[in-house]
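What follows is one structure encoded as structure tokens, with my remarks underneath.
The values are calculated or read from the model by the stated rules, or taken from the named source; none is laboratory data. None of the values given here were measured: they were computed from a predicted structure. Counting neighbours? That spans all protein chains shown, and the Cβs are built from the backbone with ideal geometry, glycine included. Side chains are part of the model used for accessible areas, which takes the heavy atoms of the whole protein and leaves out ligands, DNA and RNA. Shrake-Rupley method; radii C 1.70, N 1.55, O 1.52, S 1.80 Å.
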Amino acid sequence: MKRKNILTFLALILAGTLSLGAEDISSSAKKTTFEINLSLGWTIGAYKETTFSNITQSIVSPHYGLEAKIKSGNFLHTITADYFFTKPSSAMTETAVVYKNYDPVSGETYYEASSSPLSFHKISLKYDLNYTIIKNGNLDFSVGGNFMCKAFLQFEHYPSITGILCIGPTCAMSYKINDRNSIFVSGGFPLLGYGVRPPYAGCDAELMKYAEEDFLKILTLGNFLSVHNYQSLLLSCDYKLKATNWLSTGLGLDFEYARIAVPKDRPLYYVDGNLRTFISFNF
């Protein structure tokens, strides 16, 4: 019953968000502007994937982003996709592991040294819908909510994969310094969600069985998430310099913290700061 109530609450929030967006877009009387941002950043942070190891791995890697903003009346729609891949430094990657193998031809055993091919990926897709509640001269402040899909993937000899769907409140502030310079700040935190996360690194037998029979059944292996087992914070700040009416460049700084305590005794910790440059096209 508890899960049904949470699922119903999520559906109502999402339906309300989509209806507001549909109402906004359908109004032809409102002025609509479009903005496309392409960014390249550098992520510096760390994570701990305890289904695999209790060792904290550092991450230093390039970060790629694509963002679309649609401003229509008092509504701001933002769609953001980002990705990064890294081979984190840790004791596991710097030290070779000795394995005992068996030769089926000679019948003898032998020892072989192998290094860890550790790699880490993070993929995120997010939709924000904000509504302006304060507009005073060059200052614009808005509040709203977002829907986000995230995947944390660590691959060694066996994979450890976490997938999350979540929603939560957001806020944003834009300030126009002058005709060429502006600042945009946003923040949010996931409040409710659903996550699929195996209890240990490797191919879970039930997960593999569902993947072979019906891939969508994997979603039934997940857990509902809220602040007691999933804490996350998203912050972003952009400085934009207008070059022409349709082209701008800028610098941005993103911060993200996440703790996913599913299973309870083997959580995933993730924290990073992403310094990026971007180019913006306005229509």
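Structure notes:
- For S174, the solvent-accessible surface computed with a 1.4 Å probe is close to 40 Å², ligands and nucleic acids excluded.
- The calculated FRET efficiency for the pair A68 and S119, based on their C-beta separation and a Förster distance of 25 Å, comes to about 0.30.
- Residue-span extension gain [L40 to A151] - 0.36 nm each, minus C-alpha spacing: 38.0 nm
- Within the straight-line cut-off of under 27 Å between alpha carbons, the lysines reachable from K100 are K87, sequence neighbours fewer than 8 places apart in one chain being disregarded.
- Pairwise label distance in nanometres, F281 with K100, each label 7 Å out on the Cα-Cβ vector: 6.1
- The Cβ shell under 15 Å around N282 holds other residues with a net charge of +3, Lys and Arg each +1, Asp and Glu each -1.
- Between the range 155-200 and the range 61-89, the alpha-carbon center distance in angstrom: 9
- Between Y239 and D214, the contour length at 0.36 nm per residue exceeds the alpha carbon distance by 4.4 nm.
- Residue order by solvent-accessible surface for K264, K217, K87 is K264, K87, K217, largest first, with ligands and nucleic acids left out and a 1.4 Å probe.
- Unsatisfied cross-links (Cα-Cα over 25 Å) in the set K150/K264; K122/K242; K69/K135: K122/K242
- In order along the range 162-170, the Karplus-derived 3J(HN,Hα) couplings, from 6.51 cos²θ - 1.76 cosθ + 1.60 at θ = phi - 60°, round to 10, x, 9, 10, 8, 10, x, x, 9 Hz, and Gly and Pro are given as x.
- Exposure of C237 as accessible area (Å², to 10), given a probe of 1.4 Å and all protein chains: 60
- Label point distance in nm, I177-R259, each placed 7 Å from Cα along Cα→Cβ: 3.6
- Near S142, once Lys and Arg are set to +1 and Asp and Glu to -1 for all other residues with Cβ below 11 Å from its Cβ, the sum equals 0.
- Length released on extending from I134 to L251, taking residue separation times 0.36 nm less the Cα-Cα span: 39.6 nm
- Residue-level accessible surface for R259, protein heavy atoms, 1.4 Å, Å²: 60
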